[in-house]
Each structure stands twice: as C-alpha cells, then as structure tokens.
Amino acid sequence: MAQIIGLDTASEIWTTLEKIFSAASKARIMQLRFQLQTTKKGGLSMMEYLLKIKSIVDNLLAIGENITEQDRILYLLAGLGAEYNSFVISVTSRHEPLSLEEIHSMLLTHENQLNNNTQ
C-alpha cells in the first residue's frame, strides 16, 4: 500500500483507503452492470441462464448496488433468443406486471414446450 506511506494521521490513512476502495467498488459495479446488460441465454439451459443472471444480481447486491425487480426482469428478457420473442411480447404487453418468480416459472415451462416441440 504505497498510497498510505508517508501519511501522518489515521484520518489521512482512512480517507486515502476510502478513496482507493471506493474507486475499485465503482469499477466493479460498472463491470457487473455491463455483464448483466450483455448476458445472453445462448446455448445455456433456462435454469443455467436464470442462475447466471441471479449470480450477477447477487454480486451487485453484495456490494450495495440495488437492482429493482423491474430492471431484473428487463435484463432477463433482453438476453433471451429469438425463440422467446413471442414470450417476451406477451410478458411486456400485459397490463398487470408479473413478478420475477412468475416469469421464472413461465420461462421454464416455455423451455419445456420448446423442447417437446423439437422432439
């Protein structure tokens, strides 16, 4: 910690450490938010995709960055592939919003239907 060498008071040390860790936290928040915005389902199973999104959100929450349920839903829907377009349209055009848990359940059911239709 070369940044604190030569500082004379505990106050100076704490202020310097706070600035160092604050900058690191902001960078981490930006990295995680970017990851959340760009995560795609791709070849992942729906459960794997849901867990990946949850992991990123949990990491953001752990460092004090709140993500609203509505934002979680939007990020989740944005990362789905074309085979989920009809699902996304039906969810986003509803008058009554669905909870994240309801959407998770519906996505897992939709994936099962897609798998059954391809067999």
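The values are calculated or read from the model by the stated rules, or taken from the named source; none is laboratory data. Here the structure is a predicted model, which means the values were calculated and not measured. As a convention, Cβ positions derive from the backbone with ideal geometry for all residues, glycine included, and neighbour counts pool all protein chains shown.
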task: Could you please give the count of residues in the range 33-66 that are crowded, with 16+ Cβ neighbours inside 10 Å and at pLDDT below 95?
output: 3
message: With the requirement that a residue be closer than 20 Å to SER99 by Cβ and among the hydroxyl-bearing types (Ser, Thr, Tyr), what does the range 24-69 give you?
response: TYR49, SER55, THR68
field: Index of the failed condition, HIS95 passing every other in (1) without any contact (Cβ under 8 Å) to a residue 40 or more places away in the chain; (2) assigned to a helix (DSSP H, G or I)
entry: (2)
- prompt: Filter the range 69-92 for residues that are outside any helix (DSSP H, G or I) and at pLDDT 95 or above; which is nearest to the chain's Cα centre (by Cα)?
  reply: GLY79
- request: Would you be able to say whether some residue in the range 78-97 is within 28 Å of ARG28 (Cβ to Cβ), in contact with a helix residue (DSSP H, G or I) (Cβ under 9 Å, 6 or more places away or on another chain) and surrounded by fewer than 16 Cβ atoms within 10 Å (Cβ to Cβ)?
  value: yes
field: Residues of the range 33-68 that turn out to be more than 10 Å from the chain's Cα centre (by Cα), in contact (Cβ under 8 Å) with a residue 12 or more places away in the chain and on the phi < 0 side of the Ramachandran plot, as a count
entry: 8
